[in-house]
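Asks: Encoded as structure tokens, here's the structure I'll be asking about.
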Amino acid sequence: NKDANIPEDARLIAEQITEVTDSEDYKKHETEFKKSMGDENATMSALFKIGFYVEGEEVEPETPVLVTIQFVDKNGLPEGEPIKVVHFGDEKTEVIDGGKAESGSTSFKTNGFSKFAVGFSKKDETDVEKTSVHITKTEVYEDDVFRATFHIEGDIEVDKEAADAMQS
């Protein structure tokens, strides 16, 4: 974004932090990722240090910028899974919506750089609040030869979050 006022001579540096490159830092941020997600079973797929630098000094954007992270291996992000990004900022840690994984990538907006953990949460079914929703649906199929009427009625159990989305 031009209004982010990132100098033209700035270099974008993105480095992945792994258990091999810095085990202590990786484990610390993995614990913080799970805590931020509120889920001990959350999966941190990767940890990155991202920033723009001019002559070794970090430069922050003046307005939010879009970041896209593409995983090239098959173990990166599960297709269609809601992705969360935890931004470990200097002043606070925040959880950012990364949308749903698409072709192994996620995108999110941020107005500051530092370390980012990318992952997802697969809470146990026992952790998900359930509710019943009554459905009734009639469909008619007709062509030159015959006519069929299908009627479906009953209660289904769904995640409360999904039920709320269906009603809005």
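The values are calculated or read from the model by the stated rules, or taken from the named source; none is laboratory data. Keep in mind that what you see is a predicted model, and the values were worked out from it rather than measured. Don't worry about glycine lacking a Cβ; one is built from the backbone with ideal geometry, like all the others, and counts go over all protein chains shown. Calculation scope for accessible area: heavy atoms of the full protein, side chains included, ligands and nucleic acids excluded. Shrake-Rupley method; radii C 1.70, N 1.55, O 1.52, S 1.80 Å.
Asks: Compare the peptides 144-153, 76-85, 23-32 by average per-residue count of other Cβ atoms within 10 angstrom and give them in order, highest first.
Replies: Numbers: 144-153: 7.8, 76-85: 17.9, 23-32: 14.3.
Taking the mean over residues of other Cβ atoms within 10 Å, the ranking is 76-85, 23-32, 144-153.
Asks: Report the per residue volume, in Å³, of the convex hull enclosing the C-alpha atoms of the range 53-107.
Replies: Working: hull volume 6.4 nm³, N = 55.
Taking the convex hull of the Cα positions in the range 53-107, it is 116 Å³ per residue.
Asks: Give me the extension gain from THR63 to LYS28: residue separation times 0.36 nm, minus the current Cα-Cα distance, reported in nm with one decimal.
Replies: On the way: separation 35, 0.36 × 35 = 12.60 nm, distance 2.92 nm.
Stretched fully, the THR63-LYS28 segment lengthens by 9.7 nm.
Asks: For the chain, which whole-number percentage of the solvent-accessible area (1.4 Å probe, protein heavy atoms only) is attributable to carbon and sulfur atoms? Could the numbers behind the result be given before it?
Replies: Values: 5300 of 11520 Å².
Answer for the chain is 46 percent, counting heavy atoms of protein chains only.
Asks: Something else about it: Can you tell me the length gained on complete extension of the stretch HIS151 to GLU102, counting 0.36 nm per residue apart and subtracting the Cα distance? List each step's numbers first, then the result.
Replies: Values: separation 49, 0.36 × 49 = 17.64 nm, distance 3.52 nm.
So the chain would gain 14.1 nm between HIS151 and GLU102.
Asks: With +1 assigned to the C-beta of every Lys and Arg and -1 to the C-beta of every Asp and Glu, and no other charges, what is the dipole magnitude of the range 27-151 about the Cα centre in debye, to the nearest 20? Don't skip to the end; give the middle numbers.
Replies: Values: 16 positive and 25 negative charges, 74 e Å.
Roughly 360 debye, rounded to the nearest 20.
Asks: With an 8 Å cut-off on Cα pairs and a minimum separation of 6 or more residues, tell me the relative contact order of the range 22-91 in percent. Show your work: numbers first, answer last.
Replies: On the way: 22 pairs, mean separation 15.3, N = 70.
Contact order relative to length: 22 percent.
Asks: Continuing with the same structure: With a 1.4 Å probe and all protein chains kept in place, how much accessible area does ASP9 have, in Å² rounded to the nearest 10?
Replies: Ignoring ligands and nucleic acids, ASP9 comes out at about 100 Å².
Asks: Could you work out the equivalent-ellipsoid semi-axes for the chain, taking the square root of 5 times each eigenvalue of the Cα gyration tensor, largest first, in whole Å?
Replies: Numbers: eigenvalues 360, 85, 46 Å².
With the √(5λ) rule applied to the chain, the semi-axes are 42, 21, 15 Å.
Asks: Using Cα-Cα distances under 8 Å and only pairs 6 or more residues apart, what relative contact order does the range 1-148 have, in percent?
Replies: Details: 255 pairs, mean separation 37.5, N = 148.
Here the relative contact order equals 25 percent.
Asks: Follow-up. Write down the accessible area per residue of the chain in Å², having rolled a 1.4 Å probe over the full set of protein chains. Please report the intermediate quantities before stating the final value.
Replies: On the way: 11520 Å² over 168 residues.
Here the residues of the chain average 69 Å² of exposed surface.
Asks: Using just the helices of the chain, give the 222 nm mean residue ellipticity in deg cm²/dmol: DSSP H runs with n ≥ 4 each add -39,500 (n - 2.57), and the total is spread over all residues, rounded to 500. List each step's numbers first, then the result.
Replies: Values: 2 runs with 23 residues, N = 168.
Calculated mean residue ellipticity at 222 nm is -4000 deg cm²/dmol.
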